[in-house]
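First the structure, in the form of C-alpha cells, and then the observations on it.
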Ligand SMILES: Cc1ncc(COP(=O)(O)O)c(C=O)c1O
C-alpha cells in the first residue's frame, strides 16, 4: 500500500521514471524541514520570503545553521522577477538552491513558480517548492517547472487526514545526496529514500490509519481529477469573493495573483467586531474560520478546500451577513466606499 501511495502521488506532478515520493510520519513542516536540512551543502540557499511560510523556511535554515539569504517580497503582490534575477546575478557567493512557497497560505498569494523555475534553470540553481496548499489542486509539472524537490502533506487538497509529510523529488538529485554529511536523523531525506527503495517501507513506524485514509483520498482524487477539483474550488472561491464584495468586505491579494484556495480578508471596521467571538459564532453553526497571518493589517482567513461546494460557501455568506447585522456593521457605508 505504501508503494501504491508513493507512486500515485508522484504521478500527480511528475513522471515516475524520473521522480519519486518519499513519505514521512509528520505534519507538512516535516517535509519542508527534511528537504532544507538534507539537500543544501555549504553554498547559499536563497529563500523567497513573502509570507508566514516563507518566513518559516528562513527559521528552519537558521535552526540548522545553513548559509541562506532571504529575498523579501510584499505579501500581497507578485514577485519582481527582474529584481530576483539581479540579486542572483550579483550574489558574491554561489547560490546552489532556491526555496519558494507556491501558494502562500497566510494570504492566498500564488507565486509564479514556472518563471522562477526558468530563472533557476538559467543560473544552474536547484529549486525547492513548498506546495503544501497547492499540490493536488493547481497543476504542477515538476520537470517542466524545473522543480528538484517539492513538499506537500496528506491533508489540504489531497483531502486525506493529517499525519503524512511528502517529499516529491527527482531521483537523480536524491541519489546525489549520498555523500552529504547528515545534519538530521529522523528527517534524513536520503536515508528515508534509500530505505524505501530497498524495503518498500518507511524507516520508522508509519501512521497506519492515515496511510489507509490517504489511499482512499487518492482514489477519490483520481475520480474527480485535479482539474475537476480545482474547478470546484475556484467556483467556491468566486462565490466567496463575490459575496464578500456584496457585504463590503475586502480581500488583500489582487485577483491576478490569487490562488483561489484560501482568502485573507480585512477585518470589518466596526466597534462590535471581535475575532474570537466571530470564530465561536461560526463554530456553533458548523463553520471553522482561521485567524489572520498577515503581518501588516488585521485580517481573518477563509479556506475553500476540502469536500465542500459553493453551496456551503453560500450558507457561510448567509451566516456572515447575520453575524455582521448582529454587531451593528454599517453595510451601507461600507458598500459606498
Ligand atoms: C505553505 C505551507 N507550508 C507549510 C505548512 C505547514 O504545515 P503543517 O502545519 O502541516 O506542519 C503549511 C500549513 O498550513 C502551509 O500552508
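Of the residues 88, 47, the single one that is outside any helix (DSSP H, G or I) and in the same structural domain as residue 153 (by TED's automatic domain parsing) is 47. The residue that is nearest to residue 251 (Cα to Cα), counting only those in the range 51-75 that are within 16 Å of the ligand (Cβ to nearest atom) and assigned to a loop (DSSP other than H, G, I, E, B), is 75.
Looking across the range 28-43, just one residue is buried (at least 20 other Cβ atoms within 10 Å of the Cβ) and not in a helix (DSSP H, G or I), and that is 40. Within the span defined as the range 271-289, every residue fails to be in contact (Cβ under 8 Å) with a residue 60 or more places away in the chain, surrounded by 15 or more Cβ atoms within 10 Å (Cβ to Cβ) and within 22 Å of the chain's Cα centre (by Cα). Quick check: anything in the range 163-172 without any contact (Cβ under 8 Å) to a residue 40 or more places away in the chain and away from the ligand (no atom under 16 Å from the Cβ)? Taking every residue of the range 163-172 in turn, none turns out to be without any contact (Cβ under 8 Å) to a residue 40 or more places away in the chain and away from the ligand (no atom under 16 Å from the Cβ). Condition first: part of a loop (DSSP other than H, G, I, E, B), surrounded by 24 or more Cβ atoms within 10 Å (Cβ to Cβ) and in contact with a strand residue (DSSP E or B) (Cβ under 8 Å, 6 or more places away or on another chain). Can you find one or more residues in the range 156-167 that meet it? No; the residues of the range 156-167 include none that is part of a loop (DSSP other than H, G, I, E, B), surrounded by 24 or more Cβ atoms within 10 Å (Cβ to Cβ) and in contact with a strand residue (DSSP E or B) (Cβ under 8 Å, 6 or more places away or on another chain). Exactly one condition in (1) within 16 Å of the ligand (Cβ to nearest atom); (2) under 16 Å from residue 47 (Cα atoms) is false for residue 140; which is it? With (1) within 16 Å of the ligand (Cβ to nearest atom); (2) under 16 Å from residue 47 (Cα atoms) applied to residue 140, the lone miss is (2).
Residue-by-condition table, conditions (1) modelled with pLDDT under 95; (2) surrounded by fewer than 19 Cβ atoms within 10 Å (Cβ to Cβ); (3) assigned to a helix (DSSP H, G or I):
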position	(1), (2), (3)
173	no, yes, yes
181	yes, yes, no
187	no, no, no
191	no, yes, yes
196	no, no, yes
201	no, yes, no
206	no, yes, no
211	no, no, yes
215	no, yes, yes
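Report yes if residue 159 is without any contact (Cβ under 8 Å) to a residue 60 or more places away in the chain and either more than 30 Å from residue 311 (Cβ to Cβ) or within 16 Å of the ligand (Cβ to nearest atom) (or both), otherwise no. No: the conditions fail for residue 159. Residue 227 satisfies every condition listed in (1) surrounded by 20 or more Cβ atoms within 10 Å (Cβ to Cβ); (2) part of a helix (DSSP H, G or I) except (1).
Condition first: away from the ligand (no atom under 16 Å from the Cβ) and either assigned to a strand (DSSP E or B) or out of contact with any helix residue (DSSP H, G or I) (no Cβ under 7 Å at 6 or more places or on another chain) (or both). Now tell me which residues in the range 99-119 satisfy that.
Within the range 99-119, the subset away from the ligand (no atom under 16 Å from the Cβ) is 114-115, 117-119.
Within the range 99-119, 118 is the sole residue that qualifies.
Within the range 124-135, the only residue that satisfies the criterion of being part of a loop (DSSP other than H, G, I, E, B), in contact with a strand residue (DSSP E or B) (Cβ under 7 Å, 6 or more places away or on another chain) and away from the ligand (no atom under 13 Å from the Cβ) is 125.
The values are calculated or read from the model by the stated rules, or taken from the named source; none is laboratory data. All of these numbers come straight from a predicted model, not from anything done at the bench. Using ideal geometry, Cβ is built from the backbone for each residue, glycine included, and neighbour counts are taken over all protein chains shown.
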